Every structure is written in C-alpha cells, then in structure tokens.
Amino acid sequence: MTYSNSLATSAIMFLSRIVQIYSWLLFVRVMMSWFVRNPANPIYHFLLEITEPVLAPIRRIMPQTGFDLSPIIAYLILNLIVKMLYSLI
C-alpha cells in the first residue's frame, strides 16, 4: 500500500465517519422533536441549526403531507453517500 493510497483511504474513512455522525445528529433531532417542547433548549437549538440546511431543501422538493418525511429521505441519502464512499476503498 502506498502512502497516497493510504492517505486517500484515510480521507474516505474520515468523510464517511462525518456523514455517519451527521446521520446520528439527524436521528437525535427527530427524537428530541417528539419529547422536547422548549425550542429555547440549547441542545435542540444546536441540532436545528446543524440539520436544517439539509432538511429544508428536501422539504421544498417533497409534496406537503401530514408528516414531515424529510428526515427519512435525508437519512436514506446519507446512507447512500456512506455506501458510495466505502465502495471507493
């Protein structure tokens, strides 16, 4: 294994880990939205600010339903990205 190959593999692993962490943040946001009713909660506010840039465009594209399905679509897209990154290794 050459140094450049090792560096590329490390970079891909790092990116995939970041995407996985973001998926977990998205999951925690969904769970907190069911239980936390105080929008001033600093943890919930942080999760809103971190995840909204991904969820807002999905909401604009999806048709309006009674449920917000954008976290599910985002989670599927993020998992697809992780699988694509792992296929590069």
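The values are calculated or read from the model by the stated rules, or taken from the named source; none is laboratory data. Remember, predicted model here, so these are calculated numbers, not experimental data. Here Cβ is always computed from backbone atoms with ideal geometry, including for glycine, and neighbour counts include all displayed protein chains.
Overview of values
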{"quantity": "Positions within the stretch 1-25 being part of a helix (DSSP H, G or I) and at pLDDT below 85, in sequence order", "calculated": "TYR3, SER4, ASN5"}
{"quantity": "Unmet criterion (only one of (1) more than 17 Å from TYR86 (Cα to Cα); (2) surrounded by 13 or more Cβ atoms within 10 Å (Cβ to Cβ)) for THR9", "calculated": "(1)"}
{"quantity": "Residue among LEU47, LEU26, LEU15 that alone is in contact (Cβ under 8 Å) with a residue 24 or more places away in the chain and out of contact with any Pro (no Cβ under 6 Å at 6 or more places or on another chain)", "calculated": "LEU15"}
{"quantity": "Within the stretch 59-77, considering residues that are surrounded by 11 or more Cβ atoms within 10 Å (Cβ to Cβ) and more than 20 Å from MET32 (Cα to Cα), the one modelled with the lowest pLDDT", "calculated": "MET62"}
{"quantity": "Test: residue in the stretch 23-40 that is surrounded by 11 or more Cβ atoms within 10 Å (Cβ to Cβ), hydroxyl-bearing (Ser, Thr, Tyr) and within 28 Å of TYR86 (Cβ to Cβ)", "calculated": "yes"}
{"quantity": "Among residues of the stretch 62-89, those that are within 23 Å of ILE18 (Cα to Cα) and either among the polar types (S, T, N, Q) or part of a loop (DSSP other than H, G, I, E, B) (or both), counted", "calculated": "6"}
